[in-house]
Amino acid sequence: MSEQSGTDVSALPGHNQTAERRILVSLATYNEAGNLAALIVEIHKFVPHADVLVIDDNSPDGTGRIADELAAIDLRIKVLHRPGKQGLGTATLAAMKYAMDHQYDYLQNLDADFSHPPRYLPGILAGMSKYDVMIGSRYIQGGGTENWPLKRRILSRCVNTLVRFLFRMPVKDASGAYRCYRVSKLRETRLDKVRSRGYSFQQEVLFRCYKAGCKIGEYPILFENRRAGASKVNGKEALRSIFMLLFVGLRNFFGLERRG
């Protein structure tokens, strides 16, 4: 497991090679009109050759329209419209399918609210020279969170401790969505077995990748508060996701989840 904390990205293995890879950056959006255009500019500042896929769930605030306008003037921007709010998990699976169907090498996922600063992209992508999944990690040396309430910090730590115990993965931050996946390994991953659609999706899909033999690394990030719009955290969904983690995790703990 990688715990790189330095800031000299050019010194990292694979830094120059990332420019030769086809990279798709996925953004799942719902009411992110105040963030989208600036975020894509910031992404291309650090990874200029990457394509950006916006997956919009019919946002009432016009996010989908803004995405279409941006795509009309920049061929690097792709847009996938969905008829309604279907959740982050299904959006990520749609991005994975798109990346596989269109022969990308890496799929890099970011939240669309600037909580995942694009300045970390070069470091995360450089780690793909050694790993199949790279996590933008809050919980290794050099990582952290900004202005999180105590309740949220405790819940996040407890969930990650539970995941390490039940899923037996050598990962400190299994719940964050700031990740890069090697697309060729996604083809070997049993994505059809992913049951989660809510907050537990990130842990379960990482577990499915791990069961498929993916090598997982972590790169330190500072998780920042969103710049515009409202948080979509839902208490009922959080509780449902914890039960899902217990269900899948206990199946794994007792040997009912097979490799592959």
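What residues have an amide H closer than 5 Å to that of T145, excluding those fewer than 5 places away on the same chain, when H is modeled at 1.01 Å from N in the peptide plane?
F223
Given 0.36 nm per residue, what is the gain on full extension from L256 to R157 after removing their alpha carbon distance, in nm? Write out the running numbers ahead of the final one.
Values: separation 99, 0.36 × 99 = 35.64 nm, distance 2.58 nm.
Extra length available between L256 and R157 comes to 33.1 nm.
Beyond 22 Å, what share of the Cα-Cα pairs of the chain is found? Please give it as a whole percent. List each step's numbers first, then the result.
Values: 17801 of 33670 pairs.
Considering the chain, 53 percent of its Cα-Cα pairs are separated by more than 22 Å.
What residues have an amide H closer than 5 Å to that of V79, excluding those fewer than 5 places away on the same chain, when H is modeled at 1.01 Å from N in the peptide plane?
When sequence neighbours closer than 5 places are left aside, the close amide H contacts are V54.
So, by mean Cβ neighbours within 10 angstrom, what's the order for 180-190, 127-137, 95-105 with the highest one leading?
127-137, 180-190, 95-105
Find how many whole Å separate the alpha carbon centroid of segment 185-218 from the alpha carbon centroid of segment 125-179.
Value for the Cα centre distance between the two parts: 14 Å.
Enumerate the whole-percent occupancy of each 5 Å bin, from 0 to the last occupied one, for all C-alpha pair distances of segment 26-147.
2, 10, 21, 23, 22, 13, 7, 2, 0
S184 to Q141: extension gain in nm, 0.36 nm per residue of separation minus the Cα-Cα distance?
My answer for the length gained is 12.5 nm.
Lone cysteines in the chain, defined as no other cysteine's Cβ under 4.7 Å from theirs: which are they?
C158, C180
Here, each number is a calculation from the coordinates, and none is a lab measurement. Model, not experiment: these values are computed from the prediction. Reconstructed Cβ throughout: ideal geometry from the backbone, glycine too, with neighbour counts over all protein chains shown.
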